[in-house]
């Protein structure tokens with residue numbers, strides 16, 4: 001049972017345009033959401049996060065939107081740059097899971113290609 | 001160290017052999033995670049350590065998998081009697097506390113032949 005879903009395995013965007021990566025979740029106990037970026041042969045790199053008490057968080061070109069009622073979040077990158085080409089993973093964490101465990105549950109990722 | 005360090009970066013092993021994967025977390029980070037990524041899949045949680053608390057082992061796929069964290073720092077993931085389905089990239093991450101952002105190492109690519 002996949003609790004975090006990224007339904008688009010890939011996305012191609014022209015340089016300078018907006019990239020929108022989507023993520024849906026099913027576990028209503030999730031209270032903190034993160035986006036990671038991963039280049040080939042490297043570990044994932046933390047990009048941006050959002051708490052469930054907010055509906056938007058912005059950091060430079062990156063903005064994450066959270067719609068709790070729809071259990072949906074999205075990452076907007078504007079303007080997109082060729083260096084943004086990577087696999088983007090959505091992750092979520094429950095406030096209380098197991099014996100105080102803060103494990104992150106990841107989606108399968110979306111491969112973003114920014115075309116020059 | 002400056003970041004999370006994992007060794008080896010690549011490991012090829014024969015089916016049935018045991019392997020040990022090592023993770024050096026960022027100094028001062030109390031939380032440590034192991035994940036694995038199989039081909040075409042997302043990151044699958046394996047185990048989580050937080051300080052001196054009992055680890056969350058709920059993600060370990062079988063009793064062939066075990067992990068320990070010595071002195072609250074270095075962690076070793078051991079896979080006994082490896083199978084071909086164990087082939088994956090094994091990723092370690094650490095965070096300052098469990099409820100802060102996790103920083104990942106570059107991973108160990110394990111291939112079981």
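The values are calculated or read from the model by the stated rules, or taken from the named source; none is laboratory data. In this text the structure is predicted, and so the values were computed from the model without any measurement. So basically every Cβ, Gly included, is an ideal-geometry build from the backbone, and we count neighbours across all protein chains shown.
Across the range A:14-32, what is the total count of residues that are crowded, with 19+ Cβ neighbours inside 10 Å and modelled with pLDDT of 95 or more?
4
Taking into account only those residues within the range B:62-72 that are outside any loop (DSSP other than H, G, I, E, B) and in contact (Cβ under 8 Å) with a residue 12 or more places away in the chain, which is farthest from the chain's Cα centre (by Cα)?
The residue in question is B:72.
Sort through B:75, B:7, B:95, B:38 and tell me the only one that's touching a residue at least 24 places away in the same chain (Cβ under 8 Å) and over 26 Å from residue A:94 (Cα atoms).
Going through B:75, B:7, B:95, B:38 in turn, just one is touching a residue at least 24 places away in the same chain (Cβ under 8 Å) and over 26 Å from residue A:94 (Cα atoms): B:7.
For the range A:51-71, give me the residue count where each residue is modelled with pLDDT under 95 and in a strand (DSSP E or B).
Qualifying residue count for the region: 1.
Name the pairs whose Cβ atoms lie under 6 Å apart, with the first residue in the range B:47-61 and within 7 Å of chain A (Cβ to nearest Cβ), the second assigned to a loop (DSSP other than H, G, I, E, B) and loosely packed, with under 14 Cβ neighbours inside 10 Å, and 6 or more positions between them or separate chains?
Once the first residue is within 7 Å of chain A (Cβ to nearest Cβ) and sits in the range B:47-61, no partner that is assigned to a loop (DSSP other than H, G, I, E, B) and loosely packed, with under 14 Cβ neighbours inside 10 Å comes close enough.
For the range B:100-113, what are the residues that are assigned to a loop (DSSP other than H, G, I, E, B), over 12 Å from residue B:33 (Cα atoms) and more than 13 Å from the chain's Cα centre (by Cα)?
Selection gives B:100, B:113.
What residue, among those in the range B:31-46 that are more than 7 Å from every other protein chain (Cβ to nearest Cβ) and surrounded by fewer than 19 Cβ atoms within 10 Å (Cβ to Cβ), is nearest to residue A:8 (Cα to Cα)?
Here the answer is B:40.
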